[in-house]
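Asker: Dumping the structure here so I can ask a few things about it.
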Amino acid sequence: MISQFFILSQRGDSIVFRDYRGEVPKGSSEIFFRKVKFWKDDGEGDAPPVFNADGVNYFHVKDAGLLFVATTRVNVSPSLVLELLRRIARVVKDYLGVLNEDALRKNFVLVYELLDQIIDFGYVQTTSTEVLKSYVFNEPVVVDSSQLGPAGIFMAKRMPVTTITKSVVANERGGRKREEIFVDIIEKMSVTFSSSGYILTSEIDGTIQLKSYLTGNPEIRLALNEEVSIGRGGESIYDYGSSLGSGAVILDDCNFHESVHLDSFDVDRTLTLVPTDGEFPVMNYRITQEFKPPFRINALIEEAGPFKAEVTIKVRADFPSSIIADKILVQIPLPTYTTRVSFELEPGAVGNTTDFTEANKRMEWGLKKIVGGSEHTLHAKLTFSQESHGNITKEAGPVSMTFTIPMFNASRVQVKYLHITKKLKSYNPYRWVRYVTHSNSYVARL
(Lines give C-alpha, C1' and ligand atoms only; values in the text may rest on other atoms or scores of the structure.)
Protein backbone atom coordinates (compact mmCIF):
# COMPACT_ATOMS: atom_id res chain seq x y z
CA MET A 1 0.00 0.00 0.00
CA ILE A 2 1.48 3.33 -1.06
CA SER A 3 0.33 6.88 -0.33
CA GLN A 4 1.84 8.81 -3.22
CA PHE A 5 3.52 8.23 -6.56
CA PHE A 6 5.49 10.80 -8.53
CA ILE A 7 8.04 11.07 -11.33
CA LEU A 8 10.82 13.66 -11.10
CA SER A 9 13.21 14.95 -13.74
CA GLN A 10 16.97 15.20 -13.21
CA ARG A 11 16.43 18.82 -12.11
CA GLY A 12 13.86 17.82 -9.50
CA ASP A 13 10.82 19.03 -11.46
CA SER A 14 7.65 17.09 -10.70
CA ILE A 15 6.41 15.73 -14.05
CA VAL A 16 3.72 13.39 -12.71
CA PHE A 17 2.21 13.43 -9.20
CA ARG A 18 -0.63 11.33 -7.80
CA ASP A 19 -1.76 11.37 -4.14
CA TYR A 20 -3.83 8.26 -3.40
CA ARG A 21 -4.49 8.49 0.35
CA GLY A 22 -3.71 12.00 1.60
CA GLU A 23 -1.51 10.70 4.43
CA VAL A 24 1.78 12.32 3.34
CA PRO A 25 2.38 16.10 2.99
CA LYS A 26 2.08 17.55 -0.52
CA GLY A 27 5.67 18.81 -0.44
CA SER A 28 7.09 15.29 -0.20
CA SER A 29 8.58 15.46 -3.72
CA GLU A 30 10.69 18.49 -2.77
CA ILE A 31 11.78 16.87 0.50
CA PHE A 32 12.74 13.71 -1.37
CA PHE A 33 14.79 15.49 -4.03
CA ARG A 34 16.71 17.58 -1.47
CA LYS A 35 17.53 14.43 0.48
CA VAL A 36 18.75 12.57 -2.63
CA LYS A 37 20.73 15.54 -3.94
CA PHE A 38 22.55 16.40 -0.71
CA TRP A 39 23.12 12.76 0.17
CA LYS A 40 25.80 12.65 -2.53
CA ASP A 41 27.10 16.14 -1.74
CA ASP A 42 27.68 15.09 1.86
CA GLY A 43 30.19 12.51 0.62
CA GLU A 44 28.05 9.47 1.48
CA GLY A 45 27.61 8.32 -2.11
CA ASP A 46 24.26 7.86 -3.83
CA ALA A 47 21.09 7.74 -1.76
CA PRO A 48 19.82 4.20 -1.05
CA PRO A 49 16.69 3.08 -2.91
CA VAL A 50 14.75 3.09 0.37
CA PHE A 51 15.06 5.56 3.24
CA ASN A 52 12.95 7.23 5.93
CA ALA A 53 12.63 10.97 6.54
CA ASP A 54 10.32 12.51 9.16
CA GLY A 55 8.27 9.34 9.47
CA VAL A 56 7.74 8.94 5.71
CA ASN A 57 9.21 5.96 3.83
CA TYR A 58 10.60 6.89 0.40
CA PHE A 59 11.17 4.28 -2.33
CA HIS A 60 12.74 5.17 -5.66
CA VAL A 61 14.26 3.72 -8.81
CA LYS A 62 16.04 5.58 -11.60
CA ASP A 63 15.25 4.82 -15.22
CA ALA A 64 16.36 6.82 -18.29
CA GLY A 65 17.40 9.72 -16.06
CA LEU A 66 13.96 9.92 -14.40
CA LEU A 67 13.19 9.22 -10.74
CA PHE A 68 10.14 7.03 -10.07
CA VAL A 69 9.18 7.53 -6.43
CA ALA A 70 6.58 6.12 -4.02
CA THR A 71 5.89 7.21 -0.44
CA THR A 72 4.06 5.62 2.48
CA ARG A 73 3.87 5.88 6.26
CA VAL A 74 3.16 2.18 6.82
CA ASN A 75 5.64 -0.68 6.93
CA VAL A 76 5.50 -2.34 3.51
CA SER A 77 7.86 -4.72 1.74
CA PRO A 78 10.63 -2.64 0.07
CA SER A 79 11.18 -5.23 -2.66
CA LEU A 80 7.45 -5.16 -3.48
CA VAL A 81 7.35 -1.37 -3.90
CA LEU A 82 10.62 -1.24 -5.88
CA GLU A 83 9.35 -3.93 -8.24
CA LEU A 84 6.10 -1.96 -8.63
CA LEU A 85 8.06 1.16 -9.61
CA ARG A 86 10.08 -0.79 -12.18
CA ARG A 87 6.91 -2.24 -13.67
CA ILE A 88 5.24 1.17 -13.86
CA ALA A 89 8.29 2.46 -15.73
CA ARG A 90 8.07 -0.52 -18.09
CA VAL A 91 4.35 -0.03 -18.75
CA VAL A 92 4.82 3.68 -19.42
CA LYS A 93 7.62 2.85 -21.85
CA ASP A 94 5.43 0.24 -23.57
CA TYR A 95 2.71 2.83 -24.17
CA LEU A 96 4.87 5.84 -25.03
CA GLY A 97 7.52 3.92 -26.98
CA VAL A 98 10.34 5.86 -25.34
CA LEU A 99 10.93 6.90 -21.74
CA ASN A 100 12.07 10.51 -21.31
CA GLU A 101 10.86 13.82 -19.91
CA ASP A 102 9.54 15.14 -23.22
CA ALA A 103 7.49 12.00 -23.88
CA LEU A 104 5.93 12.18 -20.39
CA ARG A 105 4.98 15.84 -20.73
CA LYS A 106 3.39 15.31 -24.17
CA ASN A 107 1.47 12.26 -22.90
CA PHE A 108 0.60 13.28 -19.34
CA VAL A 109 -3.12 12.54 -19.86
CA LEU A 110 -2.30 8.99 -20.98
CA VAL A 111 0.17 8.52 -18.09
CA TYR A 112 -2.43 9.60 -15.50
CA GLU A 113 -4.97 7.26 -17.08
CA LEU A 114 -2.47 4.40 -16.77
CA LEU A 115 -1.76 5.24 -13.12
CA ASP A 116 -5.48 5.27 -12.28
CA GLN A 117 -5.79 1.75 -13.69
CA ILE A 118 -2.57 0.41 -12.17
CA ILE A 119 -3.14 1.69 -8.61
CA ASP A 120 -6.45 2.26 -6.79
CA PHE A 121 -6.40 3.96 -3.36
CA GLY A 122 -2.76 2.91 -2.97
CA TYR A 123 -3.32 -0.76 -3.82
CA VAL A 124 -1.95 -2.38 -6.99
CA GLN A 125 -4.55 -3.64 -9.46
CA THR A 126 -2.47 -4.76 -12.46
CA THR A 127 0.82 -3.99 -14.17
CA SER A 128 0.14 -6.01 -17.32
CA THR A 129 0.25 -4.06 -20.57
CA GLU A 130 -2.02 -6.70 -22.12
CA VAL A 131 -4.72 -6.24 -19.45
CA LEU A 132 -4.46 -2.45 -19.47
CA LYS A 133 -5.26 -2.29 -23.19
CA SER A 134 -8.89 -3.06 -22.34
CA TYR A 135 -9.20 -0.08 -19.98
CA VAL A 136 -6.92 2.63 -21.40
CA PHE A 137 -8.21 4.45 -24.47
CA ASN A 138 -5.99 7.50 -24.98
CA GLU A 139 -3.59 7.29 -27.93
CA PRO A 140 0.09 8.14 -27.35
CA VAL A 141 1.64 11.25 -28.87
CA VAL A 142 4.72 10.22 -30.88
CA VAL A 143 7.99 11.85 -29.78
CA ASP A 144 10.48 13.07 -32.38
CA SER A 145 13.13 10.36 -32.83
CA SER A 146 15.87 13.00 -33.08
CA GLN A 147 15.57 13.53 -29.32
CA LEU A 148 16.60 10.01 -28.37
CA GLY A 149 20.13 10.76 -27.21
CA PRO A 150 23.19 8.47 -27.27
CA ALA A 151 21.26 5.26 -26.57
CA GLY A 152 18.96 5.91 -29.50
CA ILE A 153 21.87 6.69 -31.80
CA PHE A 154 23.38 3.26 -31.07
CA MET A 155 20.07 1.52 -31.78
CA ALA A 156 19.51 3.51 -34.96
CA LYS A 157 22.69 2.12 -36.47
CA ARG A 158 21.25 -1.37 -36.28
CA MET A 159 17.55 -0.94 -37.06
CA PRO A 160 14.97 1.56 -38.35
CA VAL A 161 14.71 4.55 -36.00
CA THR A 162 10.91 4.20 -35.82
CA THR A 163 11.24 0.90 -33.95
CA ILE A 164 12.99 2.60 -31.03
CA THR A 165 10.17 4.97 -30.18
CA LYS A 166 7.22 2.83 -31.22
CA SER A 167 4.39 2.22 -28.79
CA VAL A 168 2.96 -1.28 -28.46
CA VAL A 169 -0.57 0.12 -28.77
CA ALA A 170 -0.07 2.59 -31.64
CA ASN A 171 -0.28 1.69 -35.32
CA GLU A 172 1.98 2.81 -38.15
CA ARG A 173 0.86 5.43 -40.64
CA GLY A 174 -2.05 4.16 -42.68
CA GLY A 175 -3.41 2.10 -39.77
CA ARG A 176 -1.02 -0.81 -40.30
CA LYS A 177 1.14 -2.36 -37.65
CA ARG A 178 4.70 -3.37 -38.47
CA GLU A 179 5.21 -7.02 -37.56
CA GLU A 180 8.43 -7.38 -35.57
CA ILE A 181 9.86 -8.78 -32.37
CA PHE A 182 12.91 -7.80 -30.32
CA VAL A 183 15.04 -10.04 -28.13
CA ASP A 184 17.68 -8.36 -25.95
CA ILE A 185 20.36 -10.25 -24.02
CA ILE A 186 21.38 -7.74 -21.34
CA GLU A 187 24.18 -8.59 -18.92
CA LYS A 188 25.40 -6.65 -15.89
CA MET A 189 28.91 -7.57 -14.86
CA SER A 190 30.58 -7.39 -11.43
CA VAL A 191 34.36 -7.97 -11.23
CA THR A 192 36.93 -7.23 -8.52
CA PHE A 193 40.65 -7.21 -9.36
CA SER A 194 43.49 -7.43 -6.86
CA SER A 195 46.31 -4.88 -6.83
CA SER A 196 48.38 -7.27 -8.98
CA GLY A 197 45.62 -7.68 -11.60
CA TYR A 198 44.22 -11.09 -10.55
CA ILE A 199 40.46 -11.63 -10.49
CA LEU A 200 39.17 -11.94 -6.92
CA THR A 201 35.43 -12.12 -7.61
CA SER A 202 33.36 -12.18 -10.79
CA GLU A 203 29.65 -12.44 -11.48
CA ILE A 204 27.19 -11.84 -14.31
CA ASP A 205 23.51 -11.03 -13.86
CA GLY A 206 21.79 -11.56 -17.17
CA THR A 207 18.32 -11.04 -18.61
CA ILE A 208 16.78 -12.21 -21.86
CA GLN A 209 14.20 -9.52 -22.54
CA LEU A 210 11.50 -9.66 -25.18
CA LYS A 211 9.33 -6.96 -26.75
CA SER A 212 6.70 -8.04 -29.24
CA TYR A 213 4.84 -6.08 -31.91
CA LEU A 214 3.21 -9.19 -33.38
CA THR A 215 -0.53 -9.13 -34.01
CA GLY A 216 -2.53 -12.08 -32.76
CA ASN A 217 0.17 -13.11 -30.26
CA PRO A 218 1.49 -16.17 -32.16
CA GLU A 219 3.50 -18.83 -30.36
CA ILE A 220 7.25 -18.44 -30.59
CA ARG A 221 10.15 -20.81 -29.92
CA LEU A 222 13.38 -19.29 -28.69
CA ALA A 223 16.40 -21.61 -28.70
CA LEU A 224 19.56 -21.00 -26.68
CA ASN A 225 22.94 -22.53 -27.44
CA GLU A 226 23.08 -26.16 -26.35
CA GLU A 227 26.21 -25.54 -24.25
CA VAL A 228 24.05 -23.86 -21.59
CA SER A 229 23.72 -25.92 -18.42
CA ILE A 230 22.23 -25.10 -15.04
CA GLY A 231 24.18 -25.73 -11.83
CA ARG A 232 27.86 -26.24 -11.26
CA GLY A 233 28.97 -29.43 -12.90
CA GLY A 234 32.74 -29.28 -12.60
CA GLU A 235 35.73 -27.10 -13.29
CA SER A 236 35.70 -24.08 -15.56
CA ILE A 237 36.24 -25.05 -19.19
CA TYR A 238 35.93 -21.58 -20.72
CA ASP A 239 37.88 -20.80 -23.83
CA TYR A 240 39.84 -17.66 -22.94
CA GLY A 241 40.91 -17.15 -26.53
CA SER A 242 37.53 -15.76 -27.54
CA SER A 243 34.35 -14.66 -25.84
CA LEU A 244 32.47 -16.61 -28.51
CA GLY A 245 34.50 -19.82 -28.33
CA SER A 246 33.33 -23.32 -27.52
CA GLY A 247 32.82 -24.68 -24.01
CA ALA A 248 30.10 -25.07 -21.42
CA VAL A 249 28.10 -22.05 -20.26
CA ILE A 250 27.20 -22.86 -16.67
CA LEU A 251 24.38 -20.90 -15.05
CA ASP A 252 24.37 -20.93 -11.25
CA ASP A 253 20.63 -20.33 -11.21
CA CYS A 254 17.87 -18.96 -13.40
CA ASN A 255 14.16 -18.21 -13.45
CA PHE A 256 11.59 -17.81 -16.21
CA HIS A 257 8.56 -15.68 -16.97
CA GLU A 258 5.22 -17.28 -16.10
CA SER A 259 4.27 -17.53 -19.80
CA VAL A 260 7.31 -19.68 -20.68
CA HIS A 261 6.82 -23.43 -21.22
CA LEU A 262 9.87 -25.57 -20.43
CA ASP A 263 8.71 -28.86 -21.94
CA SER A 264 11.74 -29.15 -24.23
CA PHE A 265 14.22 -26.95 -22.39
CA ASP A 266 16.10 -29.87 -20.82
CA VAL A 267 16.36 -31.58 -24.21
CA ASP A 268 17.37 -28.86 -26.66
CA ARG A 269 17.39 -25.61 -24.60
CA THR A 270 14.26 -24.30 -26.33
CA LEU A 271 11.79 -21.93 -24.65
CA THR A 272 8.20 -21.91 -25.90
CA LEU A 273 5.87 -19.00 -25.13
CA VAL A 274 3.04 -16.83 -26.36
CA PRO A 275 4.37 -13.28 -25.92
CA THR A 276 2.05 -10.68 -24.47
CA ASP A 277 2.12 -7.05 -25.56
CA GLY A 278 4.85 -4.99 -23.96
CA GLU A 279 8.35 -5.63 -22.71
CA PHE A 280 9.06 -8.41 -20.23
CA PRO A 281 11.95 -10.63 -19.09
CA VAL A 282 11.73 -14.12 -20.58
CA MET A 283 14.60 -15.43 -18.45
CA ASN A 284 16.89 -14.15 -15.70
CA TYR A 285 20.16 -15.90 -14.93
CA ARG A 286 23.28 -15.57 -12.78
CA ILE A 287 26.81 -16.78 -13.50
CA THR A 288 29.70 -16.91 -11.04
CA GLN A 289 31.79 -19.31 -13.12
CA GLU A 290 35.05 -17.89 -14.44
CA PHE A 291 34.78 -15.75 -17.56
CA LYS A 292 37.06 -13.44 -19.45
CA PRO A 293 36.45 -9.84 -18.35
CA PRO A 294 36.25 -7.30 -21.20
CA PHE A 295 38.65 -4.85 -19.55
CA ARG A 296 41.86 -5.12 -17.54
CA ILE A 297 42.61 -2.27 -15.13
CA ASN A 298 46.06 -1.58 -13.73
CA ALA A 299 46.39 1.29 -11.28
CA LEU A 300 49.48 2.50 -9.42
CA ILE A 301 49.88 5.34 -6.93
CA GLU A 302 53.35 6.37 -5.72
CA GLU A 303 54.73 9.16 -3.60
CA ALA A 304 56.74 11.77 -5.50
CA GLY A 305 57.76 13.91 -2.54
CA PRO A 306 56.48 14.86 0.91
CA PHE A 307 53.42 16.67 -0.49
CA LYS A 308 53.06 15.01 -3.89
CA ALA A 309 52.10 11.71 -5.50
CA GLU A 310 51.60 10.30 -8.98
CA VAL A 311 48.79 8.09 -10.22
CA THR A 312 48.95 5.91 -13.35
CA ILE A 313 45.87 4.11 -14.67
CA LYS A 314 45.96 1.72 -17.62
CA VAL A 315 42.85 0.29 -19.23
CA ARG A 316 43.17 -2.53 -21.79
CA ALA A 317 40.25 -3.77 -23.88
CA ASP A 318 40.34 -7.57 -24.14
CA PHE A 319 37.69 -8.06 -26.81
CA PRO A 320 37.73 -8.13 -30.65
CA SER A 321 38.54 -4.95 -32.56
CA SER A 322 35.17 -5.17 -34.32
CA ILE A 323 33.47 -4.28 -31.02
CA ILE A 324 33.43 -0.77 -29.55
CA ALA A 325 32.65 0.09 -25.93
CA ASP A 326 31.14 3.46 -25.08
CA LYS A 327 30.18 5.62 -22.09
CA ILE A 328 33.32 4.66 -20.14
CA LEU A 329 33.98 6.38 -16.83
CA VAL A 330 36.91 5.55 -14.52
CA GLN A 331 36.81 6.91 -10.97
CA ILE A 332 39.22 6.78 -8.05
CA PRO A 333 38.76 8.27 -4.55
CA LEU A 334 41.84 10.22 -3.43
CA PRO A 335 43.17 11.02 0.07
CA THR A 336 41.08 13.60 1.92
CA TYR A 337 44.02 16.02 2.04
CA THR A 338 44.35 16.21 -1.77
CA THR A 339 44.15 19.86 -2.88
CA ARG A 340 45.03 19.76 -6.58
CA VAL A 341 45.27 17.27 -9.46
CA SER A 342 46.91 17.84 -12.85
CA PHE A 343 46.25 15.36 -15.65
CA GLU A 344 48.40 14.12 -18.51
CA LEU A 345 46.71 12.17 -21.32
CA GLU A 346 48.50 10.00 -23.86
CA PRO A 347 49.44 11.66 -27.18
CA GLY A 348 46.63 11.68 -29.73
CA ALA A 349 43.89 11.00 -27.18
CA VAL A 350 40.49 12.05 -28.55
CA GLY A 351 37.17 12.30 -26.71
CA ASN A 352 38.72 12.03 -23.23
CA THR A 353 37.59 14.10 -20.25
CA THR A 354 39.25 14.48 -16.84
CA ASP A 355 37.98 16.05 -13.64
CA PHE A 356 38.78 16.35 -9.95
CA THR A 357 35.80 16.83 -7.63
CA GLU A 358 36.91 18.86 -4.65
CA ALA A 359 33.84 18.08 -2.53
CA ASN A 360 34.30 14.31 -2.37
CA LYS A 361 37.99 14.11 -3.40
CA ARG A 362 37.31 11.98 -6.44
CA MET A 363 39.24 11.83 -9.70
CA GLU A 364 37.34 10.99 -12.89
CA TRP A 365 38.47 9.95 -16.36
CA GLY A 366 35.89 9.68 -19.11
CA LEU A 367 36.40 8.05 -22.51
CA LYS A 368 33.89 8.46 -25.31
CA LYS A 369 34.70 5.05 -26.78
CA ILE A 370 37.25 2.25 -26.63
CA VAL A 371 37.97 -0.04 -29.58
CA GLY A 372 38.64 -3.69 -28.80
CA GLY A 373 42.33 -4.58 -28.45
CA SER A 374 43.40 -1.02 -27.59
CA GLU A 375 45.08 0.27 -24.43
CA HIS A 376 44.69 3.68 -22.82
CA THR A 377 46.76 5.36 -20.11
CA LEU A 378 46.21 8.33 -17.80
CA HIS A 379 48.85 9.99 -15.63
CA ALA A 380 47.88 12.34 -12.80
CA LYS A 381 49.98 14.37 -10.38
CA LEU A 382 48.51 14.97 -6.93
CA THR A 383 49.28 17.81 -4.55
CA PHE A 384 48.61 17.38 -0.82
CA SER A 385 48.08 19.80 2.04
CA GLN A 386 50.01 17.52 4.42
CA GLU A 387 52.44 14.61 4.32
CA SER A 388 51.02 11.19 3.60
CA HIS A 389 53.27 9.32 6.06
CA GLY A 390 53.44 6.26 3.78
CA ASN A 391 49.71 5.39 4.03
CA ILE A 392 48.73 6.70 0.63
CA THR A 393 47.63 3.33 -0.81
CA LYS A 394 45.32 2.81 2.17
CA GLU A 395 43.73 6.23 1.80
CA ALA A 396 43.16 6.11 -1.98
CA GLY A 397 41.11 3.85 -4.20
CA PRO A 398 39.77 1.46 -5.20
CA VAL A 399 39.46 2.24 -8.91
CA SER A 400 35.93 1.77 -10.26
CA MET A 401 34.83 1.66 -13.89
CA THR A 402 31.47 1.93 -15.66
CA PHE A 403 30.90 1.10 -19.33
CA THR A 404 28.50 -0.21 -21.96
CA ILE A 405 29.50 -2.66 -24.70
CA PRO A 406 26.91 -3.14 -27.48
CA MET A 407 26.80 -6.49 -29.31
CA PHE A 408 28.96 -8.24 -26.72
CA ASN A 409 28.25 -10.73 -23.94
CA ALA A 410 30.95 -12.31 -21.81
CA SER A 411 28.83 -15.27 -20.70
CA ARG A 412 28.36 -16.52 -24.29
CA VAL A 413 24.65 -17.18 -23.72
CA GLN A 414 23.28 -16.88 -27.24
CA VAL A 415 20.00 -17.11 -29.12
CA LYS A 416 20.44 -19.74 -31.84
CA TYR A 417 17.14 -19.08 -33.55
CA LEU A 418 13.75 -17.44 -33.05
CA HIS A 419 10.90 -19.34 -34.66
CA ILE A 420 7.44 -17.77 -35.00
CA THR A 421 4.37 -19.88 -35.74
CA LYS A 422 3.20 -18.83 -39.20
CA LYS A 423 -0.38 -17.84 -39.83
CA LEU A 424 0.18 -17.74 -43.58
CA LYS A 425 3.03 -18.77 -45.86
CA SER A 426 3.71 -15.10 -46.57
CA TYR A 427 3.91 -14.22 -42.86
CA ASN A 428 7.52 -13.28 -42.15
CA PRO A 429 7.89 -10.68 -39.36
CA TYR A 430 11.14 -8.87 -38.62
CA ARG A 431 13.31 -10.41 -35.91
CA TRP A 432 15.92 -8.43 -33.97
CA VAL A 433 18.40 -9.99 -31.53
CA ARG A 434 20.73 -7.64 -29.65
CA TYR A 435 23.44 -8.14 -27.03
CA VAL A 436 24.50 -5.49 -24.50
CA THR A 437 26.91 -5.69 -21.55
CA HIS A 438 26.90 -3.13 -18.75
CA SER A 439 29.15 -2.74 -15.74
CA ASN A 440 27.48 -3.27 -12.38
CA SER A 441 30.53 -3.19 -10.12
CA TYR A 442 33.91 -3.18 -11.88
CA VAL A 443 36.60 -2.49 -9.28
CA ALA A 444 40.40 -2.71 -9.07
CA ARG A 445 42.27 -2.42 -5.79
CA LEU A 446 45.42 -0.34 -5.44
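The values are calculated or read from the model by the stated rules, or taken from the named source; none is laboratory data. Here the structure is a predicted model, which means the values were calculated and not measured. Methodologically, a virtual Cβ is constructed for each residue, glycine included, from the backbone with ideal geometry; neighbour enumeration extends over all protein chains shown. All accessible areas refer to the heavy atoms of the entire protein, side chains included, with ligands and DNA or RNA removed. Shrake-Rupley method; radii C 1.70, N 1.55, O 1.52, S 1.80 Å.
Asker: Summing +1 for each Lys or Arg and -1 for each Asp or Glu, what net charge is found among the other residues whose Cβ lies under 11 Å from the Cβ of HIS389? It would help to have the intermediate numbers written out before the result.
Answerer: On the way: positive: LYS394; negative: GLU303, GLU387, GLU395.
It works out to a net charge of -2.
Asker: Let me ask something additional. Nearest 20 debye, what's the magnitude of the dipole of the chain about its Cα centre given +1 on Lys and Arg Cβ and -1 on Asp and Glu Cβ? Walk me through the intermediate numbers first.
Answerer: Values: 51 positive and 54 negative charges, 209 e Å.
The dipole of the chain has a size of about 1000 debye.
Asker: Per residue, how much space in cubic angstrom lies within the convex hull of the C-alpha atoms of segment 279-437? Walk me through the intermediate numbers first.
Answerer: On the way: hull volume 26.4 nm³, N = 159.
Enclosed volume per residue, from the Cα hull, is 166 Å³.
Asker: Measure off 7 Å from each Cα along the Cα-to-Cβ vector at ASN440 and SER322, then give the distance between these two points in nanometres to one decimal.
Answerer: Modelled inter-label distance: 2.8 nm.
Asker: Separate question: Sort TRP365, TRP432 by heavy-atom solvent-accessible area, probe 1.4 angstrom, most to least. Mind dumping the intermediate values first?
Answerer: Numbers: TRP365 0, TRP432 50 Å².
Result of the area sort, largest leading: TRP432, TRP365.
Asker: Another question about this same structure. Over all directions, how big on average is the projection of the convex hull of the alpha-carbon atoms in the chain, in square nanometres?
Answerer: Values: hull surface 98.8 nm².
For the chain, averaging the hull's shadow over all directions gives 24.7 nm².
Asker: Separation between the TYR198 and ASP355 pseudo-spin-labels, each 7 Å from Cα along Cα→Cβ, expressed in nm?
Answerer: With each label placed 7 Å out from Cα toward Cβ, I get 3.7 nm.
Asker: Find, among the GluC sites (Glu not before Pro) in segment 1-109, those assigned to loop by DSSP (not H, G, I, E, B) with at most 16 other beta-carbon atoms within 10 angstrom.
Answerer: On the way: sites: GLU23, GLU30, GLU44, GLU83, GLU101; in loops: GLU23, GLU44.
Passing sites in segment 1-109 are GLU23, GLU44.
Asker: Next up: Quick one: check the C-alpha center-to-center distance for segment 23-98 versus segment 387-431, whole angstrom.
Answerer: Here the two parts' Cα centres lie 26 Å apart.
Asker: A follow-up question, please. Taking all protein chains as present, what is the carbon and sulfur share of the accessible area of the chain, in % to the nearest whole number, probe 1.4 Å? Before the final figure, lay out the partial values.
Answerer: On the way: 10670 of 21630 Å².
Carbon and sulfur together cover 49 percent of it.
Asker: Past 27 Å, Cα to Cα, is the threshold; run LYS368/LYS416; LYS93/LYS425; LYS93/LYS327; LYS35/LYS381 against it and keep the listed order.
Answerer: Numbers: LYS368/LYS416 32 Å; LYS93/LYS425 33 Å; LYS93/LYS327 23 Å; LYS35/LYS381 34 Å.
Result: LYS368/LYS416; LYS93/LYS425; LYS35/LYS381 exceed 27 Å.
Asker: Around PHE108, under 12 Å between beta carbons, what's the net of Lys plus Arg minus Asp minus Glu among the other residues? List each step's numbers first, then the result.
Answerer: Values: positive: ARG18, ARG105, LYS106; negative: GLU101, ASP102, GLU113.
It works out to a net charge of 0.
Asker: If you don't mind, there's one more thing I want to ask. Beyond 25 Å, what share of the Cα-Cα pairs of segment 1-124 remains, rounded to the nearest whole percent? Don't skip to the end; give the middle numbers.
Answerer: Details: 1341 of 7626 pairs.
Above the 25 Å cut-off, segment 1-124 has 18 percent of its Cα pairs.
Asker: Follow-up. ASN284 versus LYS37, label points 7 Å from Cα toward the beta carbon: distance in nm?
Answerer: Between ASN284 and LYS37, the label points sit 3.3 nm apart.
Asker: Please list 3J(HN,Hα) in residue order for segment 102-116, calculated via the Karplus relation 6.51 cos²θ - 1.76 cosθ + 1.60 where θ = phi - 60°; whole Hz, with x for glycine and proline.
Answerer: Result, rounded to whole Hz: 5, 5, 5, 5, 6, 10, 5, 5, 5, 5, 5, 5, 4, 4, 5.
Asker: For THR339 and ALA53 in the same chain, what is the full-extension length gain: residue separation times 0.36 nm, less their Cα-Cα distance, in nm? If you can, show how the numbers build up before the last one.
Answerer: Numbers: separation 286, 0.36 × 286 = 102.96 nm, distance 3.41 nm.
That works out to 99.6 nm of additional length.
Asker: Shifting gears a bit: Kindly rank 379-386, 309-316, 11-18 from highest to lowest mean number of other beta carbons found within 10 Å of each residue. Walk me through the numbers on the way to the answer.
Answerer: Values: 379-386: 16.2, 309-316: 18.6, 11-18: 14.2.
Highest-to-lowest ranking by the protection proxy: 309-316, 379-386, 11-18.
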